[in-house]
Amino acid sequence: MAAESWLARTRQSWKLYAFLGTITISIGLFVVTMAVDPASHASRFIAMLVAAAVLAAAAFLWFCLAIRCPACGGRPAWWSIRTQKSSAWFVVLVGLRVCPICGDEPAPVK
C-alpha cells in the first residue's frame with residue numbers, strides 16, 4: 001500500500017490486512033467444505049458452510065465499522081461501500097488521499 005494513502009497516513013493499514021486475511025481464511029474454509037461429501041456428512045457440510053459465511057460477514061462488518069477518520073469519526077469504508085459501484089469500492093477506499101466525509105488530510109507517516 002502506498003505510504004501516501006489515507007489508510008497508511010492514519011495508521012489503519014493493518015485493519016485492511018486483517019480484513020483481507022480473514023476473508024482469505026473464510027474462502028479457504030469454503031473450499032475445504034467442498035471436499036466434504038454432503039450426502040454422508042450433511043451436518044458437518046452445513047456447519048462448515050455456515051461458519052465460512054458467518055466468518056466472512058463478521059469480517060466485513062468489522063471492517064466497515066473499524067476504519068474511522070480520526071478527525072471527524074466518520075467511517076470511510078462504509079462510505080465507500082455505500083456510494084461506489086460494487087466493483088470499485090475497494091479500489092476507491094485504498095486510493096483515498098483525504099477523508100471522503102470531512103476532507104481531512106492527515107500528516108504523512110515518517
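Observations
- When restricted to residues that are assigned to a helix (DSSP H, G or I), buried (at least 17 other Cβ atoms within 10 Å of the Cβ) and touching a residue at least 60 places away in the same chain (Cβ under 8 Å), region 77-104 contains 1.
- Scanning region 52-65 for residues that are crowded, with 17+ Cβ neighbours inside 10 Å and either under 23 Å from Cys102 (Cα atoms) or hydroxyl-bearing (Ser, Thr, Tyr) (or both) yields Phe63, Cys64.
- Among the residues of region 89-110, just one is aliphatic (A, V, I, L, M) and in contact with an Asp or Glu (Cβ under 7 Å, 6 or more places away or on another chain), namely Val98.
- Residue list for region 9-20, restricted to those being in a helix (DSSP H, G or I) and more than 15 Å from the chain's Cα centre (by Cα): Arg9
- Candidates Gly74, Gly28, Gly21, filtered to the one that is surrounded by 14 or more Cβ atoms within 10 Å (Cβ to Cβ), without any contact (Cβ under 8 Å) to a residue 40 or more places away in the chain and not hydrophobic (A, V, I, L, M, F, W, C): Gly74
- Boolean, Leu49 is loosely packed, with under 13 Cβ neighbours inside 10 Å, in contact with a helix residue (DSSP H, G or I) (Cβ under 9 Å, 6 or more places away or on another chain) and assigned to a helix (DSSP H, G or I): no
- Taken together, the criteria exclude Cys64 from residues that are farther than 21 Å from Ser26 by Cβ, touching a residue at least 12 places away in the same chain (Cβ under 8 Å), out of contact with any Leu (no Cβ under 9 Å at 6 or more places or on another chain) and not hydroxyl-bearing (Ser, Thr, Tyr).
All of the numbers you see were taken from the coordinates with simple rules; none came from a lab. Small disclaimer: the values here were computed from a predicted structure and weren't measured. With ideal geometry, Cβ positions are generated from the backbone for all residues, glycine too; neighbour counts draw on all protein chains shown.
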